[in-house]
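The values are calculated or read from the model by the stated rules, or taken from the named source; none is laboratory data. Keep in mind the model is a prediction, meaning the values are calculated, not measured. Here the Cβ positions follow ideal geometry from the backbone for every residue, glycine too, while neighbour counts run over all protein chains shown.
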Amino acid sequence: MKDQPVQMLVTMTRDELEQTVDRAVDRRLSELVAGPRFMTIVQLCEMLDVSKPTATALVREGLPAVRVGRELRFERTAVAEWLRENRSEPAKPPPKKNVRGHLRSV
């Protein structure tokens, strides 16, 4: 019974929630930095759980990479720092529609 999930209801402010999420993300990024200093694009994709085209798009957006011959290499600490600095805000929910499917004014 020790490993049974526990359900709780926690009340916190938006700032407390953001701080909690930031700490969790920072902790996860720190875990990802452990390992060899440089990664291949395949290792980066596994680390970030993204496809190669998505990883390539991140490089075009400024993700630091080093070219070694024809291949790209990614320094773990530089990737973690870039992710921290470029973390985006959560997506806003789409506007609600009325019964007939038209956007309603707020």
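The residue of the range 55-106 that is modelled with the lowest pLDDT, among those that are among the charged types (D, E, K, R), assigned to a loop (DSSP other than H, G, I, E, B) and farther than 16 Å from L29 by Cα, is R104.
Of all residues in the range 55-76, those that are surrounded by 12 or more Cβ atoms within 10 Å (Cβ to Cβ) and in contact with a helix residue (DSSP H, G or I) (Cβ under 9 Å, 6 or more places away or on another chain) total 11. Of the residues making up the range 45-54, those that are under 21 Å from R28 (Cα atoms) and more than 11 Å from the chain's Cα centre (by Cα) number 4.
With the requirement that a residue be of a type in the set (K, R) and farther than 13 Å from E75 by Cα, what does the range 24-58 give you? The answer is R27, R28, K52.
One residue stands out in the range 23-54 among those that are at pLDDT 80 or above and among the charged types (D, E, K, R): the one that is surrounded by the fewest Cβ atoms within 10 Å (Cβ to Cβ), namely D49. Of the conditions (1) assigned to a loop (DSSP other than H, G, I, E, B); (2) touching a helix residue (DSSP H, G or I) at 6+ places or on another chain (Cβ under 8 Å), D26 clears all except one; give me its number. Failed condition: (1). Condition check for A65 on (1) touching a Ser or Thr at 6+ places or on another chain (Cβ under 9 Å); (2) under 18 Å from R84 (Cβ atoms): one failure, at (1).
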